[in-house]
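Below is one structure, written out as structure tokens, with a few remarks after it.
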Amino acid sequence: MASIDLHFHSCASDGALAPAEVIRRAHEREATLVALTDHDCLAGLDEARSTAAALGLPFLNGVEASVSWGSKAQTVHIVGLGFDAGNAALRAGLDSVRRGRIDRAHEMAAQLARVGIDGAFEGAMAFCANPDQISRTHFARFLVESGRVKDVRTVFRKYLTPGKPGYVPHHWAALADAVGWIVGAGGVAVIAHPGRYDMGRTLTERLINEFKDAGGEAIEVASGSHSLDDMHKYALIAQRFELWSSAGSDFHAPGEGCRDVGRTDDLPPICRPVWERLADHILV
Ligand code: AMP
Ligand code: MN
Ligand code: MN
Ligand code: MN
């Protein structure tokens with residue numbers, strides 16, 4: 001297990017812990033370098049950065065941008081690392097991505113009401129610190145805490161994925177825009193958890209080529225969403241496409257998902273770690 005974690009969430013988006021709490025938790029688990037990467041949002045970074053500084057824990061600014069990509073408008077996530085968090089174009093771009101989450105949440109609640117689940121909008125909001133960050137994860141927590149479904153994973157399978165009764169398609173950022181905002185703010189763009197996308201070889205290669213054309217430089221090889229087979233597969237892809245490799249737990253909440261913050265697999269030796277690329281961007 002390595003102790004570098006460049007992908008996890010706080011309650012500024014769909015994580016359960018405050019930014020300071022998640023950074024303290026990473027430090028307790030002996031992380032040596034961290035980046036907080038909330039969805040489409042920089043609101044947790046100041047608190048996370050100052051907590052990391054007080055602990056002497058090296059820190060990178062981070063974000064996870066939601067993208068709709070390709071002819072089927074598939075959702076793809078792009079992590080940004082080591083950017084200037086004050087960059088106006090990045091901030092405006094992320095604001096535009098967040099817009100629409102509340103309307104989507106009302107539609108999700110209306111669909112859930114049709115299958116007998118009432119009060120889901122208010123229920124999900126009760127788990128959300130920041131109304132414009134309302135996400136499927138908050139609906140999932142509401143359905144679990146109200147005793148309707150046994151765990152978050154099962155909620156997604158039964159209600160919140162394409163074709164299921166609470167799923168509402170959403171239009172996120174364009175790939176070139178999201179990568180452009182991150183790179184324009186001096187950061188490095190990373191394809192998040194590639195093993196999670198339902199894409200064959202041709203589409204995966206097309207995604208990587210478009211990502212590189214837009215200025216993207218890295219891909220997550222070690223991820224809380226990856227099996228060991230995925231990790232080795234994407235290590236080879238990183239090598240073939242000359243991409244830097246990243247590592248992240250994708251931690252959201254204690255007991256939810258399979259990885260704790262600060263717990264990532266060691267990158268295979270063929271990888272070039274993205275933290276070498278980012279050495280000059282680390283804030284302590
Ligand atoms: P949203 O941005 O509102 O579409 O919500 C996406 C979030 O839902 C992701 O960032 C994950 O935290 C969570 N998520 C997506 N798919 C699953 C799944 N199958 N099981 C658990 N959580 C998931
Ligand atoms: Mn999430
Ligand atoms: Mn993601
Ligand atoms: Mn994530």
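Taken together, the values in this text are just the output of simple stated rules run on the coordinates, not laboratory data. All values derive from a computational prediction rather than experimental measurement. Positions of Cβ are generated from backbone atoms using ideal geometry, with glycine treated the same way; all protein chains shown enter the neighbour counts.
Among the residues of segment 224-236, those identified as touching a helix residue (DSSP H, G or I) at 6+ places or on another chain (Cβ under 7 Å) and within 25 Å of F83 (Cβ to Cβ) are S225, H226, Y234.
The residues of segment 69-84 that are within 19 Å of the chain's Cα centre (by Cα) and surrounded by fewer than 18 Cβ atoms within 10 Å (Cβ to Cβ), listed by number, are A73, Q74, T75, D84.
If you filter segment 73-96 down to residues that are of a type in the set (A, V, I, L, M, F, W, C) and away from ligand 1 (no atom under 16 Å from the Cβ), you find that the one that is nearest to I191 (Cα to Cα) is L81. The set of residues in segment 107-158 that are closer than 17 Å to A12 by Cα, of a type in the set (S, T, Y) and more than 19 Å from the chain's Cα centre (by Cα) is empty.
Checked against (1) farther than 22 Å from D177 by Cα; (2) small (G, A, S); (3) more than 16 Å from ligand 4 (Cβ to nearest atom), A48 meets all criteria but (3).
Only one of these is without any contact (Cβ under 8 Å) to a residue 60 or more places away in the chain and on the phi > 0 side of the Ramachandran plot: G147, G100. Name it.
Matching residue, one of G147, G100: G147.
Taken together, the residues in segment 29-82 that are within 30 Å of P162 (Cβ to Cβ) and not charged (D, E, K, R) amount to 26. Of T37, T32, T51, all but one fail to be of a type in the set (S, T, N, Q) and surrounded by fewer than 17 Cβ atoms within 10 Å (Cβ to Cβ); the exception is T32.
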